[in-house]
Structure formats: C-alpha cells, structure tokens
Amino acid sequence: MKKFLTLLVLSLAALLVFTACGNQANEAPSVAVDESKDYSKEKLVIWSFTDELDTAGDIAHFEALYTAPGKPFEGLELEFVAVSIQDGYMDKILPALESGNGPDIFTGELDHIKQFIEAGYYADIESMMEADPEVDLAAEKADYKDYIWQSGIDPANGKLSALSWQVTPGAIFFKVDMAAAVWGNEAGFPAEGSDDYNAAVTNWMNENKFNSLDNLLVAQQDVKAYNPNWRLFPDDQSVRHFAAGTNDPQMWIDADGKLNPAKIKEQIPYINLVKGMYGENIDSSLTANADEWSGPWFDAMDKDLTDAEGNTWQVMAYSMPTWGLKYIIEPNMEKVDAEGNTLDKPGETADQATVDAYAAAAYKGNWGMASGPNSYFWGGTYLGINADSKLPEVSFAFLKSMLFDKERLVARQEADGDMYSVESVMAPAIAGYEGRESLGGMNHLDVFNKEAAKINLTSVTTYDRGLNDLLGVHITNYKQGADGYTSVSDVLEAFYKDVQVTYPEIYVEGLPTE
Amino acid sequence: MSTFVSGGIKMNKRKDRIGYAFISPFFLVFFLFNAYPIFFTLYLSFTRYKGYGAKTFIGAENFKLIFKDPNVVDAFLNTIKIWGVNIFFQIFLALLLVMVFSDIKYKVKGLGFFRVVFYLPNLIAAATISLVFAKLLDKDYGVVNQVLFQLGWIGDAIGWLTEPILAQMSVSGIQTWMWFGNSFILFMASVQAVSKETFEAASIDGAGRFQILKNITIPSIKPILMYVMVTGLIGGLQLFDIPFLITDGKGFPEGSLNTMIVYIYNMAFVHNNYGYASALSFALFIVIMIFTVIFTVATNRTEIKDFIKRRKEEKARKKMLVEKGSVSNG
C-alpha cells in the first residue's frame, strides 16, 4: 500500500511538473451563430483591468443586442471580472491564460497586449471581421486611427489581434492665473481677458516654456524665482513622459533584439533634468516633493499644501492624459458661485444638498492644457478575444458591439467626453464641440487629437515597462546623490549590470556610458 | 492458531487502510499547495520563462547568475539588517513585558486586556499598516515630522523613509510593533506554566528581578524562545510586505528596502524573468535551511551532545552483544 501510494504521488508529480500548456493553433473560428449550441447554458467571461465596460454600459448594450429574449444568444450568462493593475491584473490573467482557463474576452494596455500577442493568447480578429458580412474590414481599418490599428497587429501573421476604441494622449494641465503671474510681463504673453484667453496662454506656453527639456527646467526655475513657495510640478515624475524629448523616439530594443544604444543616449538629457530638479527638501527642490497619487499631490490641485514645518506651497501644473482631466483633475478643480467667488469644497461630513450644489457649480475655468517637449500616451484599453475561447462567435459579437457600432460609440463619446480612436466619431465631436468649461472654453478634444497624431506607438516593446523601471531606480539614486552615483556614467553602468542579470537575452557589451 | 493470526493481520491491514484514508486529505492538500509548487519552481529555475509562452531549458545558467549578481548580496544584507534589529527589539520588549507581568511583588493586573492590546497590531493587514505609516513618516508632509517640528525637537525634516538607514530602522520598528505582542503571548503562556510558589520561594530567598529572570523565567521559556527565534528567522528572511508597500516597491531609498523577497518578486512579476526568480527562491530556501540548522544546533548543543553520546553507547553495547553472541556460538 505504501509503495503504491508513493508511486502514485511520484507519477502525479511527474505528470503535473512536465505538463506543458500549449495554445491551439490560431485558426479563424466561425463568427456565425452556432445552431448546435444552447446559449442559455453558456457563459461569456470578460476580464478587464478597469470597470469601464460595466460602468459605461457596454455590457448592458451587448446584452440588449444579443442575449435578451429573442436575440441571437438568448439566455447567455455574462460574467465580468474587473481586476485593477495595482491588484495584480497581469499576475492573475497570465496564469489563467497559460492554463487554458482564461476568459473569452480580455483587455490590456498597450504593453500588456504586446505580451498577449507574443504568447499567442489573442485570436485573429481580422479574419473574423472578414468572415462577418455585417463588418466592412476595409472601412473599419480606414476609420480607426492608423497607429491604433497597427499597434494591435500580430507581427507573426500580420493580422489584427487587438483594437482600442480609445486614444489616451497626454498634456500638461496648468493653472493659467499662476502662469500669468510668473510670465505675464514677458513679450507676447496674452493680455488677460483677451479672446480665447486660456487657449492663447496655452499656445504661448507651448512655444516658449514647454517645448524642450531645457525650457522645462528653466520654467521651473522661473516659477521658484517668482515666488519661493510656488512650484511648477508636484514631483519629478511629472516629467517622465518627456524622457524621449522627441516625437520620434528610439525603441528600447534594436532590430537585432538587443538593447538599443541610441535609446540610451536619448535618455541622458532627461537624467540630467531630473538631477537638476531634485532637492533634499522642498526649499531646495524645484518640485513640491508631493509624490504622484499621494494625498498632497491631489490636494495641490485646488488648495495650498502645508508641509510638516507649516510652510505653504502652491503647484501650477500636472502631466495627465485624457482620462486624467475628467477623473483626476476636474474633481479637484476650484469651483465658483454665480458671482465668481471661489467655493469651498464640501467636507466628508457635508450634507447631500451641499454636495449636490457644489457638483452643479461652475468651474473657475482657470486651467489650460499644453503640449510638452514630446507627445505621450498613458494607458488606453485594448480589447481582444481569447484564441482558446469556446464561444468565438459570441466574443466577436461583443467586440462588434464595442468597436464597430458607430452610433453607440458616438453616444458613448458624448456621455464621457473622452478621446476615441475612430475618425467618424471624433471628427464631428471636435467640430461641434463648444469647449471645456474647466479649461476656460478650450477645445480639449482638438488639442488631444493633435497630440495623438504625433504619438508613435510602434516604438513600444514588451521590455519598455521593465527597462524604464530599472533605469528609474538608478536615476533616483543619482538624483539623491547615493554612494557610487556621481555622474550619468554611474547611472548607466549600474543600469547595464541590472539588465545583464534581469534581461540577459537583450544585453550586449559596448553600450554607451555618457 | 494460523486462522487467528491471519484474522489479526487482516484486521491490521483494514486499520491501516482506514488510517491512510483519514490522512490522505492532508497529503493531497500538502502535495497540491506545497510540494507541487516547490517542484515546479525548481523546474522553472532551469528555464528561461517570461510567465507566458515557451519555457526554454538553459541548465544551471540562472544559478550561475546568482553568484554574479551584486543585487543578491545587497538584498540579503538588507534582509539581515532589518530582521536583526526587529528580532532583537521584538524579543527584548516581549521579555521586558513578561518581567513586568510575572512580577510577584507588584502583581500587575489586566493581563488579559494587555494581551489583546499588544496583539492587535498583528491583526491589521500589512497593506493598511504600510499606507498609514507611509503617511505618518512622509518627510515633507508626515504627521510625525509635524509633531516634532511643533515640539521644537527638530530643525530640519527627518527622512524616515528617504534616508537608507532610517528607512531600514523604520521598517524594523514597524515589524517590532506588529510582532512583539505575538512573542509576549507565547512567552507569557510558558511563564504561567511555572508555579507561583517557585517565584515566591526565589523572592523569599532574596533573588532580585534579574536573577529571577535569568534563573527561572528564561529557562522556563527557553523552548518557546527557540521557537520564536527560529520562526522569526524563517519569517524574517522572507520579509516582503512592509518593505514592498511602504515606498515604491523597488527598494527605495537607494535599494535599502530591497529585501530578498522584494527582489525575487520584482524579478518575476515586474520583469517577467520567472526562471531567474525561481532560482533565487531556491537559493533562499537553501540559505534558510542552513541558517535554521545552524541555529538549531547552536541552541541545542547540550542535547545534541547527549544524543550523540547515547547513540555511541548504544552502538558500543550492540557491538559487545554481537561479539558475545559470536564467542558463545563459536
């Protein structure tokens, strides 16, 4: 008995340890309703790293079109799982996909979907589009922004594997009144009260202050010189989006699959900028030392910061993408009453009537949005179908309802005011837009649309996030003057040692050290 | 007779089967959630694997890399420093409280209440603790510096989590606060097993507090003290949650909070190098095992010596018996 049990255990161990999970061949499955299936007994599983598909009504829309009584997939159950990136979305979904138990549909940011595509987890949706008589592949390809379409293509077969309805370009949102105080006397600065004042100030900032890494450093020094308790940015993470300093950035990985020396050289001005911005305390720093996403970081949007010593500080600008305006900055912008007096934000114990009144009040409208030294993107949700899905026809129907139902997309855009990657949705939205109240009437959609046009998403690789992290650690050590970090060379040499250990497959000798 | 013996054997076999049936659920769970992950990790340590796609067998390359990677030594030393300070103060504080609560002269009341209060930090989730202390200890905006400024005790803000040594001490302090209550409860339970008369007799005989601590209290809690030290060592070498959550998760400042497990975690789940992370995990497993053996041997020297002596005597006796048997047979 003992010997039998031992043998059983060892056999099980061997079987489990050496089981390899492979993906099925990526054949284009049928998109037609499968008459042999009883959809009332089936379940469609969708995973996403945000709850947007639920809160924006996309799931309800799909259910109304496809699973309600009398519809093609009547009775189908739908399970939606939202796991934020901070809660370990990738840590959970990768093992599920690897084991063959992944969801039918799953989303990801751009670097995530690059991993999904590389691993073969995503189905070929381009062939599904071709097979569906209701979808005009050529028309859809022409309607979506080319760089969004291209970024979702599987290089192994040249077919589309994932697509995003969003574009998420970023900008520098800044307080126009503070900018006017600092630079109002400089040549060409628009006069207060002039037409489209916020837009005019933004243009001036674009041309004079935010157009290069050197000018960004000078701008920060200007703000501090004007008022020792004012800072341009809350922290130095605000400038990480401009590390490339160009709209044609190098890729981290070159054509040989190795670490790209040109990318390293491109980072050097950024490393020097961060070093120049640092100070041990706020007094000696060019930023307010309010870490991104911390309480003080949020507070500085609409009020003075008070540090531990009792000094107060004000912050002028934040680097945020499209979703940042609506979900992060606007909820923390100042509001005014009918006479233009700034309203106090209701506290947590305020009654509902006060909260409602504040929510309905007008924005002060003292913010503008400018470009930085380069365009950047932050986030963005791509959608794809599991190559192993047992319900490809249902999954594709969901995709259709999300990505190719233009009437729905127009209504969705009107509701959330977001930037979409669909020309037929955005062109009329931009043309008919009356302007954002919080930005003093600026047409933020037009600004974002121009920013998005400059973004080069083809430079993104699966190594980007990890390499930026590794380099960031050493840049932080350098800016703080840690032992062994006296120059940019030290930063780069330490970075290369880490790459040699962490990503030995891309490491190569002879990389630049200055 | 043979039927009776046969029946007895059958009964024993049936009892065996019943016994195996009862213990098999444990072994099933143990195999699935302990043994299998360990073996799979060992397998991964011989591969290059990104967490998705194919696993490429690369032999012992990952293990060779451990000896070339300077971060491994740094991470190990960080772990030892943070753990070392923590375990010292954790046990010191627990012993101090044991002394106070077992003092027969003052007979401090409210042991039950204080046990709960001291143990409460252990019940709070590490994520919550990290969030709270990150805000309290923030250099520029934290409450601790605010209070110290207002009291006039400092002229410049203290970088509790921005200076490397201070960051390590802060994490050690947080760990001490979280775990001293656990140690106190264990020690106190051992002390309470010693009869009060023993302490009273010692006191009557003129023994001071430290003499009572050295000669009665500590010997009585020695087994549990060893248990706390060993489990503290194993847990300490796997230190992760507070150092990971309290700053940026990458060891800030200057890598001082980059413990072994933080390093392994980032290697696997941030950099998708599961193969090397698995090799590091196994190396840590070996190190913990070595440390545990060394510690156990060092703290049980007398018992081990006695055991070895008894084994030698047993072997000598058996040899003598065998020789006597050979002589008589001869």
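The values are calculated or read from the model by the stated rules, or taken from the named source; none is laboratory data. Keep in mind the model is a prediction, meaning the values are calculated, not measured. Note: ideal-geometry Cβ built from the backbone for every residue, glycine included; neighbour counts use all protein chains shown.
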When A:Ile385 is run through (1) buried (at least 23 other Cβ atoms within 10 Å of the Cβ); (2) of a type outside the set (D, E, K, R); (3) at pLDDT below 95, the failure sits at (3)
Which condition does B:Thr259 not pass, out of (1) surrounded by fewer than 22 Cβ atoms within 10 Å (Cβ to Cβ); (2) touching a residue at least 12 places away in the same chain (Cβ under 8 Å), if it passes all the others? (1)
Looking at the range A:85-101, is at least one residue touching a residue at least 12 places away in the same chain (Cβ under 8 Å), closer than 24 Å to A:Glu134 by Cβ, not in a helix (DSSP H, G or I) and not hydrophobic (A, V, I, L, M, F, W, C)? no
Exactly one of (1) over 29 Å from A:Gly57 (Cα atoms); (2) part of a helix (DSSP H, G or I) is unmet by A:Lys400. Its number? (1)
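For the range A:250-264, does any single residue satisfy the condition of being among the aromatic types (Phe, Trp, Tyr), crowded, with 16+ Cβ neighbours inside 10 Å and more than 14 Å from chain B (Cβ to nearest Cβ)? Steps first, please.
To start, the set of residues in the range A:250-264 that are among the aromatic types (Phe, Trp, Tyr) comprises A:252.
Still in the running and crowded, with 16+ Cβ neighbours inside 10 Å: A:252.
If we keep only those that are more than 14 Å from chain B (Cβ to nearest Cβ) as well, we get none.
No, that holds for no residue.
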Scope the range A:105-152; condition over 26 Å from A:Asp54 (Cα atoms) and aliphatic (A, V, I, L, M); matching residues: A:Ala119, A:Ala131, A:Leu137, A:Ala138, A:Ala139, A:Ala142
Just the residues that are more than 8 Å from chain B (Cβ to nearest Cβ), within 25 Å of B:Leu257 (Cβ to Cβ) and in contact with a helix residue (DSSP H, G or I) (Cβ under 6 Å, 6 or more places away or on another chain), please, taken from the range A:489-514. A:Val491, A:Ala494, A:Phe495
Total residues in the range A:299-329, condition in contact (Cβ under 8 Å) with a residue 24 or more places away in the chain and part of a strand (DSSP E or B): 9
Determine whether the range A:307-322 contains at least one residue that is surrounded by fewer than 20 Cβ atoms within 10 Å (Cβ to Cβ) and at positive phi. yes
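Please list, ordered by residue number, the helices (runs of 4 or more DSSP H) wholly in the range B:121-200 having 2 or more residues that are more than 31 Å from the chain's Cα centre (by Cα) and of a type outside the set (Ser, Thr, Tyr).
Working: elements: B:126-136, B:143-150, B:164-193.
Correct list: B:143-150.
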Can you name every residue in the range A:121-148 that is over 23 Å from the mean Cα position of the chain (by Cα) and either outside any helix (DSSP H, G or I) or not assigned by TED's automatic domain parsing to the domain that holds A:Thr50 (or both)? A:Ala123, A:Asp124, A:Asp132, A:Pro133, A:Glu134, A:Val135, A:Asp136
The residue that is nearest to B:Gly251 (Cα to Cα), considering only those in the range B:65-76 that are more than 11 Å from every other protein chain (Cβ to nearest Cβ) and surrounded by 12 or more Cβ atoms within 10 Å (Cβ to Cβ), is B:Ala75
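For every residue, the table says whether it meets (1) farther than 15 Å from B:Ala75 by Cβ; (2) out of contact with any helix residue (DSSP H, G or I) (no Cβ under 9 Å at 6 or more places or on another chain).
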| residue | (1), (2) |
| --- | --- |
| B:Glu197 | yes, yes |
| B:Ala201 | yes, yes |
| B:Asn215 | yes, no |
| B:Ile221 | yes, no |
| B:Met226 | yes, no |
| B:Thr231 | yes, yes |
| B:Glu254 | no, no |
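Count, please, the residues in the range A:273-289 that happen to be charged (D, E, K, R) and not in a helix (DSSP H, G or I). Explain how you work it out, then say what you get.
Applying the first criterion (charged (D, E, K, R)) to the range A:273-289 yields A:275, A:280, A:283.
Going one step further and asking which of them are not in a helix (DSSP H, G or I), we end up with A:280, A:283.
Looking only at that region, the number is 2.
With the condition being under 24 Å from A:Val501 (Cα atoms) and away from chain A (no Cβ under 13 Å), I'd like the helices (runs of 4 or more DSSP H) fully within the range B:207-295 carrying at least 1 qualifying residues.
B:218-237, B:241-246, B:260-265
Mind checking whether some residue in the range A:181-195 is within 14 Å of chain B (Cβ to nearest Cβ) and in a helix (DSSP H, G or I)? Spell out the reasoning first.
Of the residues in the range A:181-195, the ones within 14 Å of chain B (Cβ to nearest Cβ) are none.
The answer is no; no qualifying residue exists.
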Would you mind telling me which numbered condition in (1) in contact with a helix residue (DSSP H, G or I) (Cβ under 7 Å, 6 or more places away or on another chain); (2) not in a helix (DSSP H, G or I) A:Asp483 fails? (1)
In the range A:439-460, which residue that is outside any helix (DSSP H, G or I) and under 15 Å from the mean Cα position of the chain (by Cα) is nearest to the other protein chains (Cβ to nearest Cβ)? A:Val460
Which listed residue is farther than 30 Å from A:Glu192 by Cβ, of a type outside the set (Lys, Arg) and not assigned by TED's automatic domain parsing to the domain that holds A:Asn332, from A:Asp356, A:Asp416: A:Asp416
Would you mind telling me which numbered condition in (1) under 15 Å from A:Met402 (Cα atoms); (2) among the β-branched types (Val, Ile, Thr); (3) within 14 Å of chain B (Cβ to nearest Cβ) A:Ile85 fails? (1)
Condition broken by B:Asp103, with the remaining ones in (1) surrounded by 12 or more Cβ atoms within 10 Å (Cβ to Cβ); (2) in a helix (DSSP H, G or I) satisfied: (2)
Within the range B:100-150, the residues that are touching a residue at least 40 places away in the same chain (Cβ under 8 Å), touching a helix residue (DSSP H, G or I) at 6+ places or on another chain (Cβ under 6 Å) and either within 28 Å of B:Pro219 (Cα to Cα) or not hydrophobic (A, V, I, L, M, F, W, C) (or both) are B:Phe101, B:Ser102, B:Ile104, B:Leu111, B:Arg115, B:Phe118, B:Tyr119, B:Pro121, B:Asn122, B:Ser130
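Give A:Asn229, A:Asn198 a once-over and let me know the one that is under 18 Å from A:Leu305 (Cα atoms), in the same structural domain as A:Val182 (by TED's automatic domain parsing) and over 25 Å from the mean Cα position of the chain (by Cα).
Values: A:Asn198 fails: under 18 Å from A:Leu305 (Cα atoms).
Answer to the check: A:Asn229.
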Members of the range A:303-326 that are closer than 24 Å to B:Lys135 by Cβ, more than 13 Å from every other protein chain (Cβ to nearest Cβ) and of a type in the set (S, T, N, Q): A:Gln314, A:Ser319
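Pick out the one residue from A:Gly102, A:Gly120 that is under 22 Å from A:Thr458 (Cα atoms), within 14 Å of chain B (Cβ to nearest Cβ) and crowded, with 20+ Cβ neighbours inside 10 Å. Break it down stepwise before answering.
Values: A:Gly102 fails: under 22 Å from A:Thr458 (Cα atoms).
Going through A:Gly102, A:Gly120 in turn, just one is under 22 Å from A:Thr458 (Cα atoms), within 14 Å of chain B (Cβ to nearest Cβ) and crowded, with 20+ Cβ neighbours inside 10 Å: A:Gly120.
Which of the residues that make up the range B:43-78 are among the acidic types (Asp, Glu) and part of a helix (DSSP H, G or I)?
B:Glu61, B:Asp74 - these are the residues of the range B:43-78 that are among the acidic types (Asp, Glu) and part of a helix (DSSP H, G or I).
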